[in-house]
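The values are calculated or read from the model by the stated rules, or taken from the named source; none is laboratory data. Here the structure is a predicted model, which is why all the values come from computation and not from measurement. Cβ placement follows ideal geometry from the backbone for every residue including glycine, while neighbour counts extend to all protein chains displayed. Only protein heavy atoms, including side chains, enter the accessible area calculation; ligands, DNA and RNA are left aside. Shrake-Rupley method; radii C 1.70, N 1.55, O 1.52, S 1.80 Å.
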Amino acid sequence: MRGFKKTRGPWVCIVIGTLLFVLSLMGCKNSPVGWSDQEAGPASSKSASSESVQDGPKKIFRMNLGTEPPTLDPAKMSDLTSFSVALALMKGLTQFDDKMQVVPAMADRWSVSQDGLTYRFHIRKTARWSDGQPVTANQFKYAWQRALSVKTAADYAFFLFAIKNAKAYYNQDIKDFNAVGIRVIDANTLVVELEHPTPFFTALTASPVFFPLRKDSLQRWGDDFTEAGHLISNGAYQLKRWDHEEQIVAVPNPYFYDQQNRPQVDAVTMLMINDANTSVVMYENNELDFIETTTSIPSFDVRRLIQKPEASQMPLHRIAYFGFNTQKPPFNNIKVRQAFAHALDRRYFPKLLQSGQTAFSGWISPNLVGYNPDAGLPYNPEKAKQLLAEAGYPGGKGFPEVKLTFPTKYDVQKEAEIAQFLWQKTLGVSVRLNNLEWKVMLSQLASEDAPALYRLGWFVDYPDADSFMQVFSSDSGNNYTGWHSTAYDALINQAVQVQKPQERQALYNQAQQLLLEKETVIVPVYLGKKTILVKPWVKGLSINPLNLPNYDRLDIIKK
């Protein structure tokens, strides 16, 4: 404890100094440009200035992505940044509303057989692509077949494994795609047969990996089909420009099926400002219309910003964690992993980050079947030291220097520094910090040069514990741990098919014990909470507890 206080003083000084700098910049005043004849982005951005309104005021909604999206290919995306853009441009058969309920999107209705194995989706006849062509059942079948091809390397291909023979096709045990349970009845009717009843299957179909694709576009442009001028979308917006590492500009899709609830803005500008302090200054100077803690608000500033009348907070199904590559030394030793887990005093993450986090050691968030606040290894410094000594490193002697890899974000940097200090203080080990740009980190995690120790967070894709538990299944493209357990896979796959909540809870308790305690593959740290600030002239923006934004009904009301 005393050692922790020694490091806390300078860090707090740095935070206060940064805050004073931010406050000093707030003195200059700009007129609101959400509705104006000024640029659609910050004055320093060349590409943003090219969006200047030439013929009078226009409604331009400005937000910050925080980083470059790694991809806009629905089959290949696996991160929240890419999802946030994709949800503006594309629609699946279904989508989530503000309360996380599954509602119609490209399918205006569907039916399910009594045994829960067959789904019949009816694609609305008004569904159109941004070039006016109809959205068809064949385009869904083509997209799903592409996602199940090993050549595509879709991280979320396992979402499709609920479909009959989909996993066998992916593993190339079946060569004929016609054996997969996907049948096109006609242009507007798609029938899907499942391997076993999956109550949340319609929630899965809201995910990007289930989005339809235009075969003609992919054949013409290849991997560049996602670029501006090439991408054909079926959502509320179409991609006007993508200035890489700077901004994305989306404009309303004139053929969007829901004409009564279509966007009323002229454009959405998504900037890629990596520094959260800068985005706060821009928001307070009316250069951004929306900021939130995932991308644009540093944790130390939440206590001040939450006092603003336009601020709100919401709980998220999100857990931050440290992960181990169990195939790489020194973390191929279970005792080393357990020592690192016992050495983390989770209480200090919410104390120092101060933006609504709750210390948490489990792997299923509250209000979901499977939630267990007692899951995971607790803080136990004496046990941590004992385990490290048993692993051959008493007092940290002889322990190799390891790197903690994490994405380049201010708050995550602070988390990494807290963990670095606690491990050094308790175990006497040296941990070097290694921050990477987001898409670079994702690429490295999936490579042979994958880090042995890393920090990530997980937002659920659908409101069911399965979305947490499947992350570390043997089939998951998001499992960067090198750990594969047939026992774990069997438990979580059985839990999906169980009807009674008590039985599901028991299975998930066993699976979490295996993941977090017996094998200690990851170390969960805290549950997240989201802080949001939206300018009063913005109407129609919504974000649900899955952290999924909806821009379909955006409007800006002139003051």
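Amide H neighbours of ASN188 under 5 Å, counting only residues 5+ apart in sequence or on other chains, H built in-plane at 1.01 Å?
ALA137
If we sort 384-390, 442-448 on the protection proxy, mean other Cβ atoms within 10 Å, highest first, what's the order?
Top of the packing list down: 384-390, 442-448.
I need the peptides 397-403, 518-524 ranked by packing, meaning the mean over residues of other C-beta atoms within 10 angstrom, with the highest value on top.
518-524, 397-403
In nm, what is the difference between 0.36 nm times the number of residues separating ASN372 and LYS539 and their Cα-Cα distance? Let's see the in-between values first.
Values: separation 167, 0.36 × 167 = 60.12 nm, distance 3.78 nm.
Net length gain for the segment: 56.3 nm.
Express in Å², to the nearest 10, the accessible area of THR126 obtained by rolling a 1.4 Å probe over the protein heavy atoms while all chains stay in place.
The accessible area comes out at roughly 80 Å².
Restricting to Cα atoms and excluding each atom paired with itself, what does the Kirkwood estimate give for the chain in Å? If you can, show how the numbers build up before the last one.
On the way: mean 1/r = 0.0404 Å⁻¹.
It is 24.8 Å.
Each residue of the range 196-201 in order: what ³J(HN,Hα) in whole Hz does its phi give by Karplus 6.51 cos²θ - 1.76 cosθ + 1.60, θ = phi - 60°, with x for Gly and Pro?
Karplus values, whole Hz, x for Gly and Pro: 8, x, 10, x, 9, 4.
Ignoring ligands, DNA and RNA, what accessible area per residue does the chain give at 1.4 Å, in Å²?
Accessible area per residue: 41 Å².
Which percent of the accessible heavy-atom area of the chain goes to carbon and sulfur, probe 1.4 angstrom?
Heavy-atom surface of the chain belonging to carbon and sulfur, 1.4 Å probe: 49 percent.
Packing-wise, with mean Cβ within 10 Å as the measure, how do 309-321, 494-506, 204-216 rank, highest first?
204-216, 309-321, 494-506
So for the pair GLU503, SER443, with labels modelled 7 Å out along Cα→Cβ, what separation do we get in nm?
4.7 nm
Once every DSSP H run of n ≥ 4 in the chain is given -39500 (n - 2.57) and the sum is divided by its residues, what mean residue ellipticity at 222 nm do you get, rounded to the nearest 500 deg cm²/dmol?
Estimated from H runs of four or more residues: -8000 deg cm²/dmol.
Ranked from the most accessible area to the least, with a 1.4 Å probe and all protein chains present, what is the order of HIS244, HIS342?
On the way: HIS244 85, HIS342 15 Å².
Correct descending sequence by accessible area is HIS244, HIS342.
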